[in-house]
Amino acid sequence: MKRCVDDRLLPLLCAVLLSACSTPPLRSDAPPRAAAPQAATPASPAAGSTMAAAQTRFEAALKLMQDGQREAAVAALQALCRDYPQFSGPYTDLGILYSKMQRRDAAIASFAQALQRNPDNVVALNYLGGLYREAGDYTRAEQAYQQAQRVRRDYAPSYLNLAILYELSLHRPQQALSQYRLYQQYAGAQAQPMVTVWIKEIELAGAAPSNRVVAGAGP
């Protein structure tokens, strides 16, 4: 049975619009400034203006991604990374865009930059896992998914992607079974219906390796 799920599009449980896979609004991942004992120091008007300008440009770049204007979106996100190097979001979305454009090395480099700014960026970790799996680097793929799980225990996509890695690439059906079940637990009503079928196939096969293949990334 051929998988209909492209696991590189699972970070936010979406498979249609690239814009839906974008990161949350911009945030600075630098350590917060220590506050006075009585109350936190309010942000300065200049800082607020900078954030507003960055957010406006970020949203414009995401609109370009949604509209399929990939080269323009790349240029916009690269400019954001250059002008606001403290933010993790632009690097993450640049990595997603590079991934869609089949530019694996550039995508990996962008996600690495995102993680330098925010080591808890589970979207970047999850995408890195998919890119490493495609490259045949299963050890790094496993590590990326596991790190995403350590950062956010209930991040369902990392369990599904790790299950796929265990079943189809590493041929560890029992570990895959465990990850599929955890995925269903954390995804709840949003769980992919086919996962129930995949679980049943492993059980009926006596935990034998699966012959299924993962569908390739869409254009």
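The values are calculated or read from the model by the stated rules, or taken from the named source; none is laboratory data. The structure presented is a predicted model; accordingly, all values stated were derived computationally and were not measured. In this analysis, Cβ positions are derived from the backbone assuming ideal geometry, glycine residues included, and neighbour counts consider all displayed protein chains.
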| task | Output the residues belonging to region 115-147 that are under 15 Å from residue 96 (Cα atoms), of a type outside the set (S, T, N, Q) and either assigned to a loop (DSSP other than H, G, I, E, B) or in contact with an Asp or Glu (Cβ under 6 Å, 6 or more places away or on another chain) (or both). | result | 130
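To keep it simple, each residue is scored yes or no on (1) out of contact with any Leu (no Cβ under 7 Å at 6 or more places or on another chain); (2) at pLDDT 95 or above; (3) surrounded by 20 or more Cβ atoms within 10 Å (Cβ to Cβ).
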position	(1), (2), (3)
127	yes, yes, yes
137	yes, yes, no
144	no, yes, yes
150	yes, yes, no
154	yes, yes, no
161	no, yes, yes
177	yes, yes, no
183	no, yes, yes
| query | Given 86, 78, 69, which one is touching a residue at least 24 places away in the same chain (Cβ under 8 Å) and more than 25 Å from residue 156 (Cβ to Cβ)? | reply | 86
| said: Name the residue that is surrounded by the fewest Cβ atoms within 10 Å (Cβ to Cβ), counting only residues in region 89-107 that are in contact (Cβ under 8 Å) with a residue 60 or more places away in the chain and within 19 Å of residue 132 (Cβ to Cβ). | reply: 102
| Does region 99-114 hold any residues that are in a helix (DSSP H, G or I) and more than 13 Å from the chain's Cα centre (by Cα), and which are they? | 104, 105, 106, 109, 113
